[in-house]
Amino acid sequence: MKRVLISGGNGFLGSHLVRESLARGFEVTVVDDMSTSNQMNVPHEVKFVGKRIEDFSTNERFDYVVHLAARPSPDDYVKHPVDTMLSNSIGTKNTLEIALKSNATFMFTSSSEVYGDAAVIPTPETYYGYVNPNGIRSCYDEGKRFSEALIMSYHREYGLDTRIQRPFNVYGSGIREDGAYGRVIPRFIDWSLRGERIIVHGDGKQTRSFLYVDDWLEATWEFLTKDGLSGDVINIGSEKEITIVQLAQKIKGLIGSSSEIFYDIARENDPRRRAADITLAKEKLDWEPNISLDEGLVKTIEWFRRRMR
């Protein structure tokens with residue numbers, strides 16, 4: 001039986017990967033301090049360790065090590081910059097050491113944030129990024145960039161099988177909408193369902209490209225388990241941009257909501273455009289998104305409706 005260690009496995013993306021691993025017959029260990037969770041999201045079959053990944057150590061051996069632990073919501077990580085940096089520095093080192101000891105395949109979930117306010121759209125993996133190294137978002141952006149550099153150092157010096165994925169704005173069932181943890185799609189859905197005003201930061205003309213979680217999971221599993229991808233860095237996202245105000249209007253329309261759109265001050269260092277060049281994913285993973293934004297939003301809206309009943 002294959003064994004996988006997943007840091008941050010109780011979170012949004014992690015819990016989906018946990019369930020897929022179990023369905024594939026893997027033995028799963030999760031390390032998660034629950035700092036970004038409001039409930040237990042993993043099945044009882046999982047070995048759960050309630051610790052911060054930077055404090056975790058083990059002598060167990062694994063076939064795969066996946067480092068997902070992070071604070072991905074801007075409102076959250078700007079309030080916890082030190083913890084954000086530590087999970088993407090000490091936490092990355094700890095998981096790399098576990099993978100090295102096991103001679104495991106190591107996958108890191110980086111972020112499209114490593115590109116910063118990109119000048120090339122759609123953005124390929126070869127773009128180096130335009131990031132403020134000491135700005136309010138740098139704890140996350142530069143933390144992910146540091147992790148990538150450390151991971152490639154382990155790959156080059158020790159020959160460790162490493163894979164770095166850069167997801168672009170993944171959404172879907174299981175994502176939190178509340179407080180500092182909610183991101184744009186779940187927040188817009190929650191506000192629209194409740195008839196509350198929808199808050200758009202800045203002029204709303206900034207763009208994002210969104211990926212439904214089932215598409216992310218399909219690409220992630222292929223990238224994790226396929227042979228011959230050691231040392232690769234691959235975008236997992238969509239090439240299709242939508243402005244934030246268009247997204248708000250679309251969600252309102254799908255719900256039939258009476259919510260009004262309210263424009264608030266712009267976020268500091270917020271990228272103006274974001275879309276993924278997925279040429280490499282098509283070539284190496286034989287993958288591209290199958291679920292349209294409208295279809296994914298309908299699925300996500302229905303999930304939120306069921307939770308609110």
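No value in this document is a laboratory result; all are computed from the given coordinates. Nothing here was measured: the structure is a model prediction, and the numbers come from that model. Virtual Cβ from ideal backbone geometry, glycine too; neighbours counted across all protein chains shown.
Side notes on the structure shown:
- Qualifying positions in the stretch 30-60 - in a loop (DSSP other than H, G, I, E, B), closer than 15 Å to Lys93 by Cβ and under 20 Å from the mean Cα position of the chain (by Cα): Arg52
- Any chance Asp190 is touching a Gly at 6+ places or on another chain (Cβ under 9 Å), within 30 Å of Asn103 (Cα to Cα) and in contact (Cβ under 8 Å) with a residue 60 or more places away in the chain: no
- Scanning the stretch 170-190 for residues that are in contact with an Asp or Glu (Cβ under 9 Å, 6 or more places away or on another chain), surrounded by fewer than 18 Cβ atoms within 10 Å (Cβ to Cβ) and at positive phi returns a single hit, Gly179.
- Those residues of the stretch 191-218 which are part of a helix (DSSP H, G or I) and surrounded by 20 or more Cβ atoms within 10 Å (Cβ to Cβ), in sequence order: Trp191, Ser192, Val213, Asp215, Trp216
- Annotation note: Cβ proximity below 6 Å between a residue of the stretch 253-273 that is within 11 Å of Asp117 (Cβ to Cβ) and a residue that is of a type in the set (Lys, Arg) (sequence gap 6+ or interchain) occurs for Asn269/Arg137.
- Condition check for Ser153: surrounded by 17 or more Cβ atoms within 10 Å (Cβ to Cβ) and polar (S, T, N, Q): no
- Any hit, the stretch 112-124, residues being closer than 16 Å to Leu68 by Cα, assigned to a helix (DSSP H, G or I) and touching a helix residue (DSSP H, G or I) at 6+ places or on another chain (Cβ under 6 Å): yes
- Residues in the stretch 125-150 that are buried (at least 18 other Cβ atoms within 10 Å of the Cβ) and part of a helix (DSSP H, G or I): Ser138, Cys139, Tyr140, Asp141, Glu142, Gly143, Lys144, Arg145, Ser147, Glu148.
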